[in-house]
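Let me begin by presenting the structure, written as C-alpha cells, before commenting on it.
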Amino acid sequence: MVKVGIVGVGTVGESVVKTLLKNRDIIKARAGKEIKVVKGVVRDPSKKRGVDIPLTTDYRQVTESEEVDVVVELMGGVEEAYKVVKSALSHGKPVITANKALLAYHRFELQQIAGELPFQYEASVGGGIPIIKALREGLSANHILQMSGILNGTCNYILTAMEQGGDYQSALQRAQELGYAEADPTLDVNGMDTAHKLLILASVAYNIDVRPEDILVEGIEELSPVDFEFAQEMGYKIKLLAIAKKRGENRVELRVHPTLLPKTQLLSKIEGVMNGVSVIGDVVGETLYYGPGAGGDATASAVVSDLIEVVRGSNTPMLGYKKPLEMGDFQLVPQMEIESCYYFRLGVEDKIGTLAKISSILAEEGISIKNLIQKQREGYVKLLLSTHRSKEANIQRALEKLRAQKFMKREPFFLRVEEK
Ligand code: NAP
Ligand code: HSE
C-alpha cells in the first residue's frame, strides 16, 4: 500500500480523498497498489469537512513522517508551500502539486531539488485537462510553434455571463461559491493565475525560465458591456487568452490578455468554467484540448492521475528535458515587438473634426482602421474601432497622443484581436 499525506484539505484536497475512496478498485488496478490517504494538514482542525481523515496543523508531521510515502501539496500560496514541498523532497518523498503560483516562481529550483524524485503537477494547468502530459510526453517530438489557451475557469465563467448580459460581480461571487476561484480571486481576474499557467506550459514547450512579472499580463476587470456589444456586432467573442508564439529560431512571445477572437474559432466556443488549449507542433500540426478548468472534482481527477503515475514508478523529467538545448536558451520577445490587430474604445467629445484628428493620429503611426462604430452617450460619443495588423509600439505611441487630446472624455481602452 502507498501512504499519502495531503497538505491542504480544502476544495481540491477533499475531492482527492473522495476520489481515492470512490474509485478505489480501478485506481488500485491501474497503479498496481492501493493508495490511501493517512494524514491531512489544515489551518483550522475544528472546521467541518466532508472527509474523515486524521488531521494536523503541522506540515512536518506529513513531510518528515516515516508513515508517509508521497506528499500532495494542495494548500496554495507561494513561500509557505515552497517550504512544505522542499521539506518533502529533502526527506526523499515524491511530490504532487496543483499549485501553479508556486511553480510560476520556483519550478526550476524545485526541479533541481527533486533530482530523480518524481514531481508531478498535472492539475496546475487546465484543471482536469491532461495538458502537461500531452505536451511533455505526447508532443515531445515537436518544436512547439504556438499555444493559445483559455486557462482560467473563473474568468471564462465571468466572461460567458457578461456576454449574456450578466453582471461581473455576481458572476465572480458564483464562481467563488462553486469552488473555481483562488483563495484571493484577484489572481484570477487580473490575469496572474493565467500567467502562472502559461509559464508552466512555456517551460515544458521551450525550457524557458521567466517570471510572471517579465511578461505582458492584463486581466478582465476593465471590460465594459459595450465591448461585448462591439464583439457581438463584429462577429467576435471576448476571451482571456494565454498566448505563446515561437518567433524565429529561439525567441518566444508570451502574453496574457483579454482578446477578441472570431466567433468561428474553436476557442471562442468554450463557455463557462471550461478551459481549452490549442497547441501547434511543427510535426503534428494543430492539436486541441478541452475540459473543465476548475472545481474540486476536475482538479482531483488530475491530482489522482499524478498519484497513479508516481506509484507506477514513472521517471519522466519534471519539466520534460534531460539536457539543455544545444541551440541555447529561448529568449522572450519584448512587449513592444508584439504584432496584432487591435480594438479601441474611445470616449470623445461630440464635435466636428474629432474623428479626423483620431484618424490622423492613427495614420501617423501607420495604423489602419478596419471597422468603426459610433455610439451616442449622454454628453459624449463612444467610438469603437478595430485595426488591421499593427505593432504594439505604434499602438502605445498612438494611445499617448490620444490621451493628450482635449476632446478625450474617457481614458482610452484597447484590446488585442487574434485573427487566424
Ligand atoms: P482551498 O479550498 O482554500 O483549500 C486550501 C487548504 O489548505 C485548506 O484546507 C486550508 O486549511 C489549507 N491551508 C492553507 N494554508 C495553510 C497553512 N499555512 N497551513 C496548513 N494548511 C493550510 O483551496 P483549493 O481551491 O483546494 O486549492 C488548493 C490548491 O489547488 C491551490 O494551489 C490552487 O491554486 C490549486 N487549484 C485549485 C483549483 C480549484 O478549482 N479550486 C484548480 C486547480 C488548482 P483550512 O481548511 O483549515 O483553511
Ligand atoms: N482559480 C482557477 C481557475 C482554478 O478559475 O481556473 C483552476 O486552476
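The values are calculated or read from the model by the stated rules, or taken from the named source; none is laboratory data. Remember, predicted model here, so these are calculated numbers, not experimental data. Counting neighbours? That spans all protein chains shown, and the Cβs are built from the backbone with ideal geometry, glycine included. Areas reflect the complete protein model, heavy atoms only, side chains present, ligands, DNA and RNA absent. Shrake-Rupley method; radii C 1.70, N 1.55, O 1.52, S 1.80 Å.
Quick check on GLU222: is it open to solvent by 60 Å² or more (accessible area, probe 1.4 Å) and within 19 Å of the chain's Cα centre (by Cα)? Taking the combined requirement at face value, the residue satisfies it.
For segment 176-201, filtering for residues that are more than 12 Å from ligand 1 (Cβ to nearest atom), of a type in the set (A, V, I, L, M, F, W, C) and more than 14 Å from ASP214 (Cα to Cα) leaves 2.
Looking at segment 223-238, is at least one residue within 17 Å of LEU332 (Cβ to Cβ) and not assigned by TED's automatic domain parsing to the domain that holds GLY347? For segment 223-238, residues within 17 Å of LEU332 (Cβ to Cβ) and not assigned by TED's automatic domain parsing to the domain that holds GLY347: absent.
Each row is one residue, and each column tells you yes or no for (1) of a type outside the set (D, E, K, R); (2) under 27 Å from VAL217 (Cα atoms); (3) open to solvent by less than 20 Å² (accessible area, probe 1.4 Å).
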residue: PHE330; (1), (2), (3): yes, yes, yes
residue: TYR343; (1), (2), (3): yes, yes, yes
residue: GLY353; (1), (2), (3): yes, no, no
residue: LYS370; (1), (2), (3): no, yes, no
residue: LYS391; (1), (2), (3): no, yes, no
residue: LYS409; (1), (2), (3): no, yes, no
residue: PHE413; (1), (2), (3): yes, yes, no
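This table checks each residue for (1) more than 16 Å from ligand 2 (Cβ to nearest atom); (2) part of a helix (DSSP H, G or I); (3) surrounded by fewer than 18 Cβ atoms within 10 Å (Cβ to Cβ).
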| site | (1), (2), (3) |
| --- | --- |
| ILE27 | yes, yes, no |
| GLY40 | yes, no, no |
| ARG43 | yes, no, yes |
| GLY50 | yes, no, yes |
| GLU66 | yes, no, yes |
| VAL84 | yes, yes, no |
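Number of residues in segment 271-288 that are surrounded by fewer than 23 Cβ atoms within 10 Å (Cβ to Cβ) and over 14 Å from the mean Cα position of the chain (by Cα): the value is 11.
For GLU79, the stated conditions hold: it is without any contact (Cβ under 8 Å) to a residue 12 or more places away in the chain and either more than 22 Å from TYR321 (Cβ to Cβ) or within 16 Å of ligand 2 (Cβ to nearest atom) (or both). When ILE352, ILE361, ILE338 are screened for being more than 19 Å from the chain's Cα centre (by Cα) and closer than 21 Å to GLY149 by Cα, only ILE338 passes. Filtering segment 185-207 to residues that are within 10 Å of ligand 2 (Cβ to nearest atom) and either open to solvent by 20 Å² or more (accessible area, probe 1.4 Å) or of a type in the set (Lys, Arg) (or both) leaves PRO185, LEU187, LYS197. Checking each residue in segment 295-307 for being open to solvent by less than 20 Å² (accessible area, probe 1.4 Å) and away from ligand 1 (no atom under 11 Å from the Cβ) picks out VAL304, ASP306, LEU307.
Restricting segment 156-183 to residues that are near ligand 2 (Cβ under 10 Å from one of its atoms) and either among the aliphatic types (A, V, I, L, M) or free of Cβ contacts under 8 Å to residues at least 60 places away in the same chain (or both), the residue that is most open to solvent (accessible area, probe 1.4 Å) is ALA183. Could you please let me know if LEU103 is of a type outside the set (Gly, Ala, Ser), in contact with a helix residue (DSSP H, G or I) (Cβ under 7 Å, 6 or more places away or on another chain) and farther than 14 Å from GLY8 by Cα? Yes, satisfied. Please go through segment 106-120 and give me each residue that is within 16 Å of ligand 2 (Cβ to nearest atom) and either assigned by TED's automatic domain parsing to the domain that holds LEU199 or surrounded by 24 or more Cβ atoms within 10 Å (Cβ to Cβ) (or both), ordered by number. Across segment 106-120, the qualifying residue is only GLN120.
Taking the conditions (1) more than 9 Å from ligand 1 (Cβ to nearest atom); (2) out of contact with any helix residue (DSSP H, G or I) (no Cβ under 6 Å at 6 or more places or on another chain); (3) of a type in the set (Gly, Ala, Ser) in turn, GLY5 satisfies each one other than (2).
For ALA123, the conditions (1) open to solvent by 20 Å² or more (accessible area, probe 1.4 Å); (2) assigned to a helix (DSSP H, G or I) are fulfilled apart from (1).
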